[in-house]
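Working notes, structure below.
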Amino acid sequence: MSFLPYALAAWLFFVGLYGIVTSRHLVHLVVCLGVMQSSTYVLLLAIGYRTGKKAPIFTSGVPTKVGAVDPVVQALTLTDVVVSVVASALILALVIEIWKRSGKLCRCSAPPCSAQPAISCPHGSTTSSRLRSRQP
Amino acid sequence: MTVLCVVLIFHSAHGTITYWFGGWHPRNGIAIGISFSVEPLGAGIAALIGALMTAALVQSIDYFEEEVPPHFFVLMLVFLASMIGFALSSDLFNMFVFFELMSTAAFGLTGYRIEHRSVLQGAINFAVVNGIGAFLLLAGIALLYGRTGALNLAQIGQVLSRHGADGLVIVAFGLIVVGLLTKAGAVPFHFWLSDAYAVAPAPVCVLFAGVMSDLGLHAVGRVYWVAFSGVLGNGHADAVRGVLIGVGLLTALVGALMAFVQAGLKRMLAFIVISHVGIFLTAIGLLTARGLAGATVYVVADGLVKGALFCAVGHLARRVGHTDELIAHGRGRSLPLTGTVVALGALGLAILPPFGTFVAYSLVERGAGGLGYHWLPPLLAIATAVTGASVLRAAARIFLGLGPAEDDLLVAAPRGEEADEGMRAAPRRGFLLWGPAVALLVAGLGLGFAPGIAAHAVQHAERFVDRPAVARETLHGAPPAPLPHVHEQIGAAGYAYGAGSAILAVALAWIGLYRRRIPEAFRRAAGATAGPAVQRLKLLHDGVVGEYVTWLTAGAAAITGLLALLTR
């Protein structure tokens, strides 16, 4: 069993993490989250993979002597995919709401806490209030 | 649902109830199916979830200005189902699925009032940080499955105990613990929590604060005892204990300090949740049956009290239109009942004897004493005192109008944060607003008077931590181990800590109100020593998700690395 799938999982995980940490755009953030989640798919599938074994589909006519890769991890991966789609969809819905209300997606408006803004805002806070007033 | 869960507590007292979905019973000790295992401690948490959900639903009828849309209730019920599933599941992957379902419902509910940008930002921070926590949890589960070929906790424990603890097991344990602690909001994974709790509607906060955070901790206890105690328990227990108690203490003290410098009540309560999560984590981290029993009783009693406080805050927000203690200064005078609830709840947080939280604290205190950790209970008592003091100070300002209406030390709640700001202070019949608060408070404080609750909890915890017996019971259908005989008596030291914490809370609240009356020299000295640290701590909580994730990564690396180093 090659170590490559594990290396790939680790790579995806850290690339996604780097993307999230440095992200300044909300859609970019969601995509990075997706990249990170992909690493868990690869990890799960790599764990269940057996070299030279068939897909775990047992019907008449398919010889069962060869053995099959572990079907449990594939079921887990499928569940994981479903879960991640739900999460991404919900976050994207929130992102759309942000865009509707403030007209921008970069992370440069005032953060929710009252502490000093960590990133200075080139647009100023007037943009968002002006746009918001246009909304019904 | 609450009634059902209470029934479950009594039924499972005779032995763990295991339900195999679809009738896939284990053969020869190998579990193929997915199961729920109900033991009294887990059922107790489930009952707490039911009680809080009932209160939250009742309050939400009157809380919202507009007609409550059906999807709010649907989300709440999904949230209820996933939390109870998480509390009862004994299958690691199912725990992950319930964890994700719970998170998804929760950030939907956080972003319920989408009018304000800070609400959306809080919900996104919540979603991103919890999402990453879930990936870590899943990665840990995957590694563990690769090693053991099992997902049932009891069976994982059986397989693991046949081998030694090698790097893979340690890393898997570290990843799972970090994933669960992210949900619980332990330092340094807690940043999302204050942003999310501050913006969620008050009835939703009742659930978030009362039980969602504590569920993560309960799961840490379960995963450790059922799956890992065989392999890590002998020889490596000190390492695990050290790491868990270290993180717990840090969380308790940082949370308490941050709570004390908040002016917005919701944000203050969020930090109190963090602080108390630290206390529970320390209790679980003692890795003794008494610590576990103490943590569970504490979670239930404290959860009810925190739920009552959030209900009261909801009532205040609805009637006064603001929950910032400086802005709402003296405007709560017309709500004496709510004020009483908040003040009593604050004393409950500060473990005033003989209420429920105090009984739980005394269990933890004796658990720590049994291990020779005599320095631990005073530190925890300080954390409870500071959290109680913050709420007492806010209550004195809002409901009695004491003290000055400005204080440069406090962090004001940012605009839009008070999600109820736009709400008119409309006089309503109001019973549904304050009724749940009173009921939860009475239940939380009254838990201390339930006869023999401490002894029962310890008995069941003793049975729970006996991993081989639990595994035999789950996998082979063996009869449960007999309940050990336990006699619990609260010692003088326990009463001393309880009373000390309550007195300290009142004293600190007074200092918070009348700082100016303290001699100038004292104030300057205190400011010079604590000022820069507090300022830096405040700056860390700035709502930028990238920084939160950096902290999460650093924390995860530190915890896993420490575990690996110490078990070497």
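The values are calculated or read from the model by the stated rules, or taken from the named source; none is laboratory data. Fair warning: this is a prediction, and the values are worked out from it, not measured in the lab. Virtual Cβ from ideal backbone geometry, glycine too; neighbours counted across all protein chains shown.
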> Since B:Gly146 meets every condition but one in (1) within 13 Å of chain A (Cβ to nearest Cβ); (2) in contact with a Phe, Trp or Tyr (Cβ under 8 Å, 6 or more places away or on another chain), which condition does it not meet?
Replying inline: (2)
> Among the residues of segment A:6-25, how many are modelled with pLDDT under 90, outside any loop (DSSP other than H, G, I, E, B) and surrounded by fewer than 16 Cβ atoms within 10 Å (Cβ to Cβ)?
Replying inline: 2
> In segment B:153-169, how many are over 19 Å from B:Ala31 (Cβ atoms), surrounded by fewer than 20 Cβ atoms within 10 Å (Cβ to Cβ) and in contact with a Lys or Arg (Cβ under 8 Å, 6 or more places away or on another chain)?
Replying inline: 1
> Out of all the residues in segment B:194-211, which are more than 13 Å from B:Phe126 (Cα to Cα) and assigned to a helix (DSSP H, G or I)?
Replying inline: B:Ala202, B:Pro203, B:Val204, B:Cys205, B:Val206, B:Leu207, B:Ala209, B:Gly210, B:Val211
> What is the one condition in (1) among the aromatic types (Phe, Trp, Tyr); (2) touching a residue at least 60 places away in the same chain (Cβ under 8 Å); (3) assigned to a helix (DSSP H, G or I) that B:Phe189 does not satisfy?
Replying inline: (3)
>> Every residue in segment A:78-96 that is under 14 Å from the mean Cα position of the chain (by Cα) and either more than 12 Å from A:Leu45 (Cα to Cα) or more than 7 Å from chain B (Cβ to nearest Cβ) (or both), please.
In response: A:Val81, A:Val82, A:Val83, A:Ser84, A:Val85, A:Val86, A:Ala87, A:Ser88, A:Ala89, A:Leu90, A:Ile91, A:Leu92
> Does segment A:65-73 contain any residue that is modelled with pLDDT of 85 or more, part of a helix (DSSP H, G or I) and within 11 Å of another protein chain (Cβ to nearest Cβ)?
Replying inline: yes
> Can you tell which of B:Phe173, B:Phe79, B:Phe86, B:Phe73 is away from chain A (no Cβ under 11 Å), surrounded by fewer than 19 Cβ atoms within 10 Å (Cβ to Cβ) and aromatic (Phe, Trp, Tyr)?
Replying inline: B:Phe73
> In segment B:521-563, what residues are at pLDDT 85 or above and aliphatic (A, V, I, L, M)?
Replying inline: B:Val549, B:Leu552, B:Ala554, B:Ala556, B:Ala557, B:Ala558, B:Ile559, B:Leu562, B:Leu563
> What are the residues in segment B:519-568 that are away from every other protein chain (no Cβ under 14 Å), within 30 Å of B:Ala123 (Cα to Cα) and touching a residue at least 40 places away in the same chain (Cβ under 8 Å), if any?
Replying inline: B:Ile559
> Can you tell me which residue in segment B:65-109 is farthest from the chain's Cα centre (by Cα), limited to those that are polar (S, T, N, Q) and outside any helix (DSSP H, G or I)?
Replying inline: B:Ser90
>> Restricting to segment B:439-476, count the residues that are more than 30 Å from B:Gly157 (Cβ to Cβ) and either in contact with an Asp or Glu (Cβ under 7 Å, 6 or more places away or on another chain) or surrounded by 18 or more Cβ atoms within 10 Å (Cβ to Cβ) (or both).
In response: 8
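Counting only residues that are among the small types (Gly, Ala, Ser) and touching a helix residue (DSSP H, G or I) at 6+ places or on another chain (Cβ under 6 Å), which one in segment B:136-152 is surrounded by the fewest Cβ atoms within 10 Å (Cβ to Cβ)?
The extreme case among them is B:Gly146.
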> Which ones in segment B:355-378 are in a loop (DSSP other than H, G, I, E, B), in contact with a Leu (Cβ under 9 Å, 6 or more places away or on another chain) and surrounded by fewer than 22 Cβ atoms within 10 Å (Cβ to Cβ)?
Replying inline: B:Tyr373
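Which one is nearest to B:Leu92 (Cα to Cα) among residues in segment B:110-131 that are more than 7 Å from every other protein chain (Cβ to nearest Cβ) and part of a helix (DSSP H, G or I)?
B:Asn130
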> Going by the conditions given, is B:Ser82 modelled with pLDDT of 90 or more and among the small types (Gly, Ala, Ser)?
Replying inline: yes
>> Please go through segment A:5-45 and give me each residue that is more than 9 Å from every other protein chain (Cβ to nearest Cβ), under 13 Å from B:Val545 (Cα atoms) and in contact (Cβ under 8 Å) with a residue 60 or more places away in the chain, ordered by number.
In response: A:His25
>> Suppose the filter is part of a loop (DSSP other than H, G, I, E, B) and modelled with pLDDT under 85; does B:Pro468 pass it?
In response: no
> Looking at segment A:44-56, is at least one residue more than 24 Å from B:Val97 (Cβ to Cβ) and among the polar types (S, T, N, Q)?
Replying inline: yes
> Just to be sure, is B:Gly133 at pLDDT 90 or above, within 21 Å of A:Ala10 (Cβ to Cβ), surrounded by 24 or more Cβ atoms within 10 Å (Cβ to Cβ) and under 22 Å from the mean Cα position of the chain (by Cα)?
Replying inline: yes
>> Let me spell it out: the conditions are (1) touching a Phe, Trp or Tyr at 6+ places or on another chain (Cβ under 9 Å); (2) among the β-branched types (Val, Ile, Thr); (3) over 21 Å from B:Gln489 (Cα atoms), and B:Ile351 meets all of them except one. Which number is the exception?
In response: (3)
